[in-house]
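Notes follow once the structure below has been shown.
We did not get these values from a lab; they are worked out from the coordinates using the rules stated. Note that the structure is a prediction, hence the values are computed from the model and not measured. When we count neighbours, we look across all protein chains shown, and the Cβ atoms used for this are built from the backbone with ideal geometry, even at glycine.
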Amino acid sequence: MIGMLRGKVWEIQTDKLILDVQGVGYLIATPYGLLTKLHPDQEVTIYTHVILREDELALYGFSSVAEKEVFLMLLTVSGVGPKAALSILSTLGTGQTESAIASENITILTKVPGIGKKTAQRLILELKEKFKDRVIPSDGAESSPAMPLLASGSEAMETLLALGFSQEEAKKALQSLPVTDQGMSTEEQVRLALRSLAAIKPV
C-alpha cells in the first residue's frame, strides 16, 4: 500500500490536505499540527497509512515516521479508531501523547475530544509499557500540542480552558513557567504548560 507521498500542497482544509503528486490529488487526513506548518505550493513528504473499510478508503498522513508509528500504536487499543487516534495527536502532539500514557495521566488524556475515562484507561493499560521503552522527544514540533489558539484575552489561558482544564489548573501551570519564558509565543507557553500538567499524575 501507499507508505509515503512526495508532492506539492494543493489545498489545506480544516483537518485534511490535498497533495498533488504528479497531477493526482490525494486527500489526506492529518494531525492539526502538520497543517499549521504547510502552505499551498509547498513541496512536502508525507508518511501515510491507508485504512480500507467496506464503505470507505481513507488516507492518513504524518510529518514523520515517529508520528505515524504512534498513530498505528494507538489504533491497536480496543475502542480507538483512526478519528480518535488523529484527535489525540491533534490535541497533544506526539511527545505529549507518549508522556501522558507512560506517566498514566488520565487527566490529560480525557481532555482530548472524544476520549473518555474508560478509553484513557485502556490506552494506559495497553500502551504504557511500550511507550516507556521509547525515547520521548523533549522538544520540537512533534511534541508540541496542536490545538488552535484563541485570539482574545490571555490566549494561553483561554486555550487551556478550551482543552477542559479548570481556571485554577491553567493559572498554576502558566505561573509555573520561568520568568524568562514569559515573552515566548502563546503556542510555546501552552506546550510548556501542558507538559507541566502532564507531569502531575492523577491520584
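See the values below:
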| read-out | value |
| --- | --- |
| Fully extended contour minus Cα-Cα distance, from LEU72 to VAL50, at 0.36 nm per residue | 6.8 nm |
| Förster-model FRET efficiency, 30 Å R0, MET4 and LYS130, C-beta, rounded to 0.05 | 0.80 |
| Charge dipole of the range 29-125 about the Cα centre (unit charges at C-beta), most positive-ward option of LEU34, SER99, ILE46 | SER99 |
| Amide H partners (placed H, <5 Å) of LEU177, local residues excluded | none |
| Cα gyration tensor shape of the range 1-53, rounded if a/c is under 1.5, else prolate or oblate by comparing a/b with b/c | oblate |
| Percent RCO, i.e. relative contact order, over the range 1-92, from Cα pairs under 8 Å lying at least 6 residues apart | 25 percent |
| When each of LYS128/LYS172; LYS16/LYS83; LYS130/LYS172 is checked by Cα-Cα distance, pairs over 23 Å | LYS128/LYS172; LYS130/LYS172 |
| Modelled FRET efficiency - R0 30 Å, LEU27 with GLU104, Cβ distances, 0.05 increments | 0.25 |
